[in-house]
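What follows is a short report on a single structure.
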Amino acid sequence: MTVRKIGILTAGGDCPGLNAVVRAVSKNALSRGIEVLGFKNGFDGLVRNEFIQITEHTVSGILTLGGTILGSSNIANPFSYTLPPFGSPEQPRDLSSVVLHNFKANQLDALITIGGDGTLHMSQRFVEMGMPIVAVPKTIDNDLSATDQTFGFDSALHIATEAIDRLHTTAQSHHRVMIVETMGRYAGWIALRSAIAGGGDIVLIPEIPYNDDVIVNYILNRKSKGKNFSIVVAAEGAKNEKGEQAVARTVAGSTDAIRLGGIANRLSAMIEDKTGIESRACILGHTQRGGTPTAFDRWLSTLYGAKALDMVIEGKFGSMAALKGFAMAEVKIADAIANLKRVDPQGEEVRYALEVGMSFGSAQIG
């Protein structure tokens with residue numbers, strides 16, 4: 001097919017590497033004489049028909065820039081729109097027809113969506129309505145199926161690992177237990193890999209329910225051996241054996257309606273009460289989303305962006321660019337969102353973590 005004009009948007013939570021994808025898509029397109037419209041704030045830009053005309057100047061110097069020059073939103077769901085003046089949390093509206101109208105009114109040949117699980121679910125619904133979409137997988141959580149890795153994950157992992165490295169010295173100095181809370185929602189990739197890379201003693205992830213007494217006994221056993229400090233890395237979505245998670249709040253109308261958070265504070269109080277060892281919580285939060293992308297994420301984002309534009313030209317709509325090994329591939333969006341990619345409790349990463357002495361806070365594992 002002949003492609004003359006495309007749209008691009010970044011939706012969901014931000015992460016390092018978004019601008020690198022926008023840059024790669026745009027440079028590839030502009031070199032072929034294809035016009036590029038960048039829609040503002042995710043799908044909200046298509047609802048409100050707000051966009052910028054992307055030129056070579058627009059994307060110059062943004063490769064290393066964190067965030068996204070287009071803006072993003074994880075609450076602007078066109079199928080359940082809650083933002084004024086068109087909708088509200090009390091009366092959400094389906095404005096998907098408005099998105100389709102604006103897509104056609106701008107004479108677009110295709111749309112490239114950059115996002116995680118929520119964005120890809122919306123993208124798939126629009127694909128089923130006939131919109132020609134190619135997707136790029138973005139999430140620090142690394143929880144999308146059908147791709148080996150999402151961009152943004154490596155940068156978040158680097159930040160979490162650096163934090164653990166820094167906390168080691170203060171934990172040793174004051175003989176404390178430090179609890180580091182990472183993001184990741186319902187997948188434990190950031191927590192697990194940063195704990196392995198940073199030398200964490202205990203790691204708690206959503207895939208392996210933890211028990212308070214196992215955690216306490218592990219810390220006391222370390223102390224009996226003269227190890228007067230411990231590092232606990234807890235994923236925000238970690239569950240105890242009763243299935244309980246720490247929920248900070250709920251937000252109506254958001255694709256991220258359940259805001260997880262607070263497990264580090266809960267664990268800190270519990271550990272100090274039961275062991276008598278001074279404990280401190282460190283919640284990394286959105287620091288994991290910010291700043292300059294790592295070299296790996298810049299490389300991966302650039303390949304994803306260039307691949308996505310190639311897929312548009314080849315007419316491979318309803319598909320997502322994917323990393324397989326160290327090569328680019330394409331997979332169906334429907335396959336990418338079929339299941340969350342989560343840590344395998346019986347997998348080799350868990351086994352190797354156990355073999356080097358880490359605990360998962362569970363009597364069932366290790």
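For all pairs of alpha-carbon atoms in the chain, what percent lies in each bin of width 10 Å, listed from the first bin to the last filled one?
5, 24, 30, 21, 13, 6, 1, 0
Provide the net charge surrounding Asp14, with neighbours chosen by a C-beta distance below 11 Å and charges set as Lys +1, Arg +1, Asp -1, Glu -1. Kindly include the intermediate steps, with their values, before the conclusion.
Values: positive: Lys138, Arg289; negative: none.
Local net charge: +2.
Okay, which of the range 40-79 sit inside 16 Å, backbone N to the point 7 Å along the Cα-Cβ direction of Thr292?
61-67
Just the number, please: Stokes-Einstein D of the range 2-139 in µm²/s, Kirkwood Rh from C-alpha pairs, 4 °C, 1.567 mPa s. Before the final figure, lay out each step's value.
Numbers: Rh = 14.9 Å.
Estimated diffusion coefficient is 87 µm²/s.
How long are the three semi-axes of the equivalent ellipsoid of the range 237-366, in whole Å, if each is the root of 5 times an eigenvalue of the C-alpha gyration tensor, listed from largest down?
Working: eigenvalues 272, 80, 56 Å².
Here the semi-axes work out to 37, 20, 17 Å.
Lys223: which lysines have alpha carbons under 23 Å from its alpha carbon, excluding same-chain residues fewer than 8 sequence positions away?
Filter leaves Lys274.
Which one, Gly61, Gly116, Gly290, has the greatest fluctuation when you compute a Gaussian network model over the chain with C-alpha springs under 10 angstrom?
Maximum among the listed residues: Gly61.
Taking the Cα centre of the chain as origin, work out the dipole magnitude from +1 charges on Lys and Arg Cβ and -1 charges on Asp and Glu Cβ, in debye rounded to 20.
On the way: 35 positive and 37 negative charges, 86 e Å.
Roughly 420 debye, rounded to the nearest 20.
Using r as the Cβ-Cβ distance of Lys324 and Glu56, and R0 as 35 Å, what FRET efficiency do you calculate, to the nearest 0.05?
Details: r = 31 Å, r/R0 = 0.88.
The computed FRET efficiency comes out at 0.70.
So for the pair Glu349, Ala197, with labels modelled 7 Å out along Cα→Cβ, what separation do we get in nm?
Output for this residue pair reads 1.1 nm.
With a/c under 1.5 counting as rounded, go ahead and sort the range 147-245 into rounded, prolate or oblate using the C-alpha gyration tensor (a ≥ b ≥ c being the square roots of the eigenvalues; past the cut-off, prolate if a/b is larger than b/c, else oblate). Mind dumping the intermediate values first?
On the way: a/c = 2.63, a/b = 1.29, b/c = 2.04.
Cα axes put the range 147-245 in the oblate bin.
Counting each DSSP H run of 4 or more residues in the chain as -39500 (n - 2.57), what helix-only mean residue ellipticity at 222 nm follows after dividing by all residues, to the nearest 500 deg cm²/dmol?
On the way: 11 runs with 130 residues, N = 366.
Mean residue ellipticity, 222 nm, calculated: -11000 deg cm²/dmol.
How much net charge surrounds Leu37 when only the other residues with a Cβ under 12 Å from the Cβ of Leu37 are counted, with Lys and Arg +1 and Asp and Glu -1? Mind dumping the intermediate values first?
On the way: positive: Arg4, Lys5, Lys40; negative: Glu35, Glu50, Asp109.
Net charge in that neighbourhood comes out at 0.
Lys5 versus Glu244, label points 7 Å from Cα toward the beta carbon: distance in nm?
Distance between label points: 5.7 nm.
Given the options Ile231, Gln172, Val214, identify the residue whose Cα lies farthest towards the positive end of the charge dipole of the range 148-295 (+1 on Cβ of Lys, Arg; -1 on Cβ of Asp, Glu).
About the Cα centre, the residue reaching furthest to the positive side is Gln172.
Any idea what the relative contact order of the chain is, in percent, if you count C-alpha pairs under 8 Å spaced at least 6 apart? Before the final figure, lay out the partial values.
Working: 846 pairs, mean separation 81.4, N = 366.
Taking the mean separation of contacting Cα pairs over the length of the chain, I get 22 percent.
For the chain, return all DSSP H helices satisfying: extent of Cα atoms along own axis at least 24 Å; mean Kyte-Doolittle hydropathy at least 0.0.
For the chain, where a helix must reach 24 Å along its axis and average at least 0.0, the hits are 295-313.
Quick one: net charge of Val214's neighbours, Cβ under 12 Å, K/R +1, D/E -1?
Within the 12 Å Cβ shell, the charges total -2.
Quick one: what are the phi-derived ³J(HN,Hα) couplings along the range 281-286, Karplus 6.51/-1.76/1.60 with θ = phi - 60°, whole Hz, x for glycine and proline?
9, 10, 9, 6, x, 6
FYI, it's all coordinate maths here, none of it is from the lab. Keep in mind the model is a prediction, meaning the values are calculated, not measured. For neighbour counting, all protein chains shown are included, and Cβ atoms are generated from backbone atoms with ideal geometry for every residue, glycine included.
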